[in-house]
Amino acid sequence: MGRPRQVLDEDILVAARACFIEHGASVSTETIAARLGVSGPALLKRFGSKRELLKAAFGVAKEPPWLRLLETGPDERDLMAQILEVASAIDAFFREMVPAFSVLREAGITPEEWRGENKDVPPPARTYETVAGWFRRAQEQGRLRKGDPSAMAGMFLAGLQYRYFLAHITNQPVPTEQEVPWMQNMVDIFWRGVAPESERGSSDKARAPRGKGDAKRG
């Protein structure tokens, strides 16, 4: 009799995410185990229960991996470049997580489970507060226009989430950045609304199309 197949936790979580998104929260552990080539009991032995496996697969109660980008700063680099960096990191997160939200809702994940142990604020709320804090510090540095940083954070996050929610409910694929430079366009538009007056036209000048006269001179 051969030895049981050894599977890494990350391999299990990748397979579990795919199965939960494809079949919903009711998918059996046997279905997930079959994708990995292991037994259902072996899977449960590793994570304790299907519910715990689901929570681990979608990082319930864990900080988003990009949150540390926003806990300090902005730094001295060009602010628009930093906003694009942050937007790209959050965008990658939503690309993976938006399809999971309906699964988590179906599973009845509670606010207490989102908080985890010894945490007063669940990760989604902390995300919003952290983004708002980053914009507030940029204002204090004189690098953003005056206005409610919480409103800025809400618009920023909503803009990043929207195309994934739309794709999810219409069952349509989201174009890649190679197909449509959506991220740069989104940040350009956002920047025009929040940039200080002295810099509001900088992105337009940097990306202005060359005229016929410029082409001849070039």
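Solvent-accessible surface of protein heavy atoms, probed at 1.4 angstrom with all chains present, puts Phe47, Phe135 in the order Phe47, Phe135, largest first.
Qualifying GluC sites (Glu not before Pro) in region 48-77, where qualification requires a DSSP coil assignment and no more than 12 other C-beta atoms within 10 Å, comprise Glu76. Across region 48-53, coupling constants 3J(HN,Hα) worked out from phi with the 6.51/-1.76/1.60 Karplus curve, θ = phi - 60°, read x, 7, 5, 5, 5, 5 Hz, and Gly and Pro carry x.
Measuring with a 1.4 angstrom probe and ignoring ligands and nucleic acids, Asp148 comes out at about 90 Å² accessible.
The values are calculated or read from the model by the stated rules, or taken from the named source; none is laboratory data. Since we're looking at a predicted model, the values are computed, not measured. Backbone-built Cβ (ideal geometry, glycine too); neighbour counts: all protein chains shown. Remember, those area values only see protein heavy atoms, side chains included, never the ligands or the DNA or RNA. Shrake-Rupley method; radii C 1.70, N 1.55, O 1.52, S 1.80 Å.
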